[in-house]
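Readers should treat all values here as calculations from the given coordinates under stated rules, not as data from a laboratory. Note that the structure is predicted; figures quoted are calculated from it, not measured. Here Cβ is always computed from backbone atoms with ideal geometry, including for glycine, and neighbour counts include all displayed protein chains.
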Amino acid sequence: MAEEVRSVATVELGRYLGLWYEIGRLPLRFEDDEASDVTAEYSLNDDGTVRVDNRCLDAKGEPTQAVGEAVPDGEHPGRLRVSFLPDALRWIPFTRADYWILRLDEDYRHALVGTPDRKYLWFLSRRPAVEQSVEEEFLQAARDQGFDLDGWIRAEQSGNVVQM
């Protein structure tokens, strides 16, 4: 059996906040395989939680948005628990999903994020395009942690942020 998935040991949340472009991902039931211009923007709420604003153009080219909330894990800085349920339902137990930062470069320009069950994985960048060698380095880190990348989807990026 493969070792447990490992998140990074430290994250400066203030540096992680901001806009990220999705370079690629494993398939998601809640996002079209053909989704493009996928971005995630993280900002700090007054209560210390993190606002997660995901946007993309769906398979029909229509803008979509999902706004959620992430709670940092005080014992594991590289781990967040995320919910996209409406505010009134976020108190319900077991409605938050694991969001673990698996790899992060020292300049906070590229991030590999996944779930401990290895079902979900994202490669994010501060820019809409990355060098092939950087992408391969991060994807190799995913393989090294036991992620199966056979279904890897590369997101088409125009460099635009979807406006709502």
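If each residue's Cβ is checked for other Cβ atoms within 10 Å, how do Phe123, Phe147 rank with the fewest at the top?
Details: Phe123 28, Phe147 22.
Lowest count first: Phe147, Phe123.
Quick one: P(r) of the chain from all Cα-Cα pairs, 10 Å bins, percents rounded to integers, in order of increasing distance.
Spelled out bin by bin, the chain gives 10, 40, 39, 10, 0 percent.
Loop only by DSSP, 12 or fewer other Cβ within 10 Å of the Cβ. Give me the trypsin sites (Lys or Arg not before Pro) in the stretch 1-67 that pass, ordered by residue number.
On the way: sites: Arg6, Arg15, Arg25, Arg29, Arg51, Arg55, Lys60; in loops: Arg6, Arg29, Lys60.
Listed in order of number, the matching sites are Arg29, Lys60.
Label point 7 Å out from Asp33 along Cα-to-Cβ: which residues of the stretch 127-160 have amide N under 19 Å?
Under 19 Å, as judged by backbone N against the label point of Asp33, lie 148-157 of the stretch 127-160.
Set the Förster distance to 25 Å, then compute FRET efficiency between Leu13 and Gln65 from the Cβ-Cβ distance, nearest 0.05.
On the way: r = 23 Å, r/R0 = 0.90.
Approximately 0.65, to the nearest 0.05.
Just tell me the longest site-free run in the chain, where the sites are GluC sites (Glu not before Pro) in a DSSP loop having at most 12 other beta-carbon atoms within 10 Å. Let's see the in-between values first.
Numbers: sites that count: Glu3, Glu4, Glu12, Glu75, Glu106, Glu131.
Here the longest run is 13-74.
Which log10 I(q)/I(0) values does the stretch 10-61 give at q = 0.16, 0.24, 0.26 Å⁻¹ under the Debye formula, counting every alpha carbon as one identical point scatterer?
-0.56, -0.93, -1.00
Extension gain Val161-Arg109, at 0.36 nm per residue separation less the Cα-Cα distance, in nm? Each step should come with its number before you reach the end.
Values: separation 52, 0.36 × 52 = 18.72 nm, distance 1.72 nm.
My answer for the length gained is 17.0 nm.
Under 17 Å from a label point 7 Å along Cα→Cβ of Ser133: give me every residue in the stretch 140-164 with its amide N that close.
The answer is 140-141, whose backbone nitrogens lie closer than 17 Å to the label point.
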